[in-house]
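Have a look at the structure below before the remarks.
The values are calculated or read from the model by the stated rules, or taken from the named source; none is laboratory data. Note that this is a predicted model, so its numbers are computed, not measured. Heads up, the Cβs are rebuilt from the backbone with ideal geometry, glycines too, and the neighbour counts pull from every protein chain shown. When the accessible area is computed, the model is the full protein with side chains, heavy atoms only, and any ligands, DNA or RNA have been set aside. Shrake-Rupley method; radii C 1.70, N 1.55, O 1.52, S 1.80 Å.
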Amino acid sequence: MKNIAIFASGNGSNAENIIKFFRGSETACVTLVLSNKANAYVLQRAKALEVPTRVFGRESLKDGLVLSSLQEAQIDFIILAGFLWLLPASLIRAYPDQIINIHPSLLPKYGGKGMYGNKVHQAVIENGETESGITIHLVNEEYDKGKILLQARVDVNPEDTPDSLAMKIHQLEYQHFPEVIQKQVVVH
């Protein structure tokens, strides 16, 4: 049984979906949710699902305290579900090909620092794109540059707003993210 930790900074709907997906699984379970924001709603979702939580600051991430906590909790995989900070190289080296991120665009378009959430959807619409989607990828030392595991697409219609596009993107996330995590856990 593999132990999964989820890093999230916000609402946590993807984290909740992943936790529920792995409930009763024989291959993996979510055993820890970490956030860099003490008021992030993801923490309430995790507690409601009886998953332990931890809040940390930037220094704890850089100085190895977060890494020590992960190792102490015997974490095998890290999932970034709406976590916006760049991970330190030491954490990435400790979990080679075991950190998975989801991004709300078809990378390499609309990726990188500062491109998240509705900022991505706004840019997609402003640039007249006819499709958008999600990219699930392994994490390396650069924003949104790791090996792509899956991309799924959705049409962008002329009447779409950043909010309506976000709803379409969320449906792709809920459908594909847990399945891709499952595949990585099984092959690793």
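Of the GluC sites (Glu not before Pro) found in region 1-87, the ones in coil according to DSSP and having at most 11 other Cβ atoms within 10 Å of their Cβ are Glu26, Glu50. What region 5-92 shows is 46 Å² of accessible area per residue, with the surface traced by a 1.4 Å probe over protein heavy atoms.
Listed by chain and number, the aspartates and glutamates whose alpha-carbon sits under 20 Å from that of Lys2, ignoring those within fewer than 8 places in the same chain, are Glu16, Glu26, Glu50, Glu72, Asp76, Asp97, Glu179.
Label sites at Phe56 and His170, each approximated as a point 7 angstrom past Cα along Cα to Cβ, lie 2.8 nm apart. Sequence-ordered 3J(HN,Hα) estimates for region 119-133 from the Karplus curve with 6.51, -1.76 and 1.60 and θ = phi - 60° stand at 4, 5, 5, 4, 5, 4, 5, 4, 8, x, 5, 9, 8, 9, x Hz, glycine and proline given as x. Derived scalar couplings between HN and Hα for region 55-65 equal 10, 9, x, 4, 5, 5, 6, 6, 8, x, 5 Hz in order, rounded to whole Hz, by the Karplus curve 6.51 cos²θ - 1.76 cosθ + 1.60 (θ = phi - 60°), x for Gly and Pro. Between (1) 35; (2) 49; (3) 53, which entry matches percent of Cα pairs over 24 Å apart as derived from the coordinates of this structure? Looking at percent of Cα pairs over 24 Å apart for this model, the match is (1). Residues in region 43-49 carry Karplus couplings, in order, of 5, 5, 4, 5, 4, 4, 9 Hz; the curve used is 6.51 cos²θ - 1.76 cosθ + 1.60 with θ = phi - 60°, and Gly or Pro positions show x. How far is the Cα center of region 135-187 from the Cα center of region 1-49, in Å? With region 135-187 and region 1-49 each reduced to a Cα centre, they are spaced 17 Å. Placing a label point 7 Å from the Cα of Glu142 along the Cα-to-Cβ direction, the residues of region 89-110 with a backbone N closer than 13 Å are 108-109. Name all residues of region 121-154 having a backbone nitrogen under 19 Å from the label point set 7 Å from the Cα of Glu179 along its Cα→Cβ direction, giving them as ranges. Zone members listed by number: 132-138, 148-154. Which links in Lys119/Lys183; Lys20/Lys147; Lys47/Lys147; Lys20/Lys183 stretch past 24 Å when you go from one Cα to the other? With Cα atoms farther than 24 Å apart: Lys119/Lys183; Lys20/Lys147; Lys47/Lys147.
Amide H to amide H distances under 5 Å link Val156 with Glu131, Ser132, where only residues 5 or more positions off or on other chains count and H is placed in the peptide plane. With a Förster radius of 22 Å applied to the beta-carbon distance between Asp163 and Leu86, the computed FRET efficiency rounds to 0.20. Here the chain carries DSSP beta bridges of which approximately 40% are antiparallel, counting only pairs with both residues inside. Computed with a 1.4 Å probe over protein heavy atoms only, the accessible area of Thr27 comes to about 50 Å². The helix-only estimate of mean residue ellipticity at 222 nm for the chain, built from DSSP H runs of length n ≥ 4 each weighted as -39500 (n - 2.57), is -11500 deg cm²/dmol after division by the residue total. The H on the amide N of Ala28, modeled in the peptide plane, is under 5 Å from the matching H of Lys2, each at least 5 residues off or on a different chain.
Using C-alpha pairs under 8 Å with a sequence gap of at least 6, the mean separation divided by the residue count of the chain gives a relative contact order of 20 percent.
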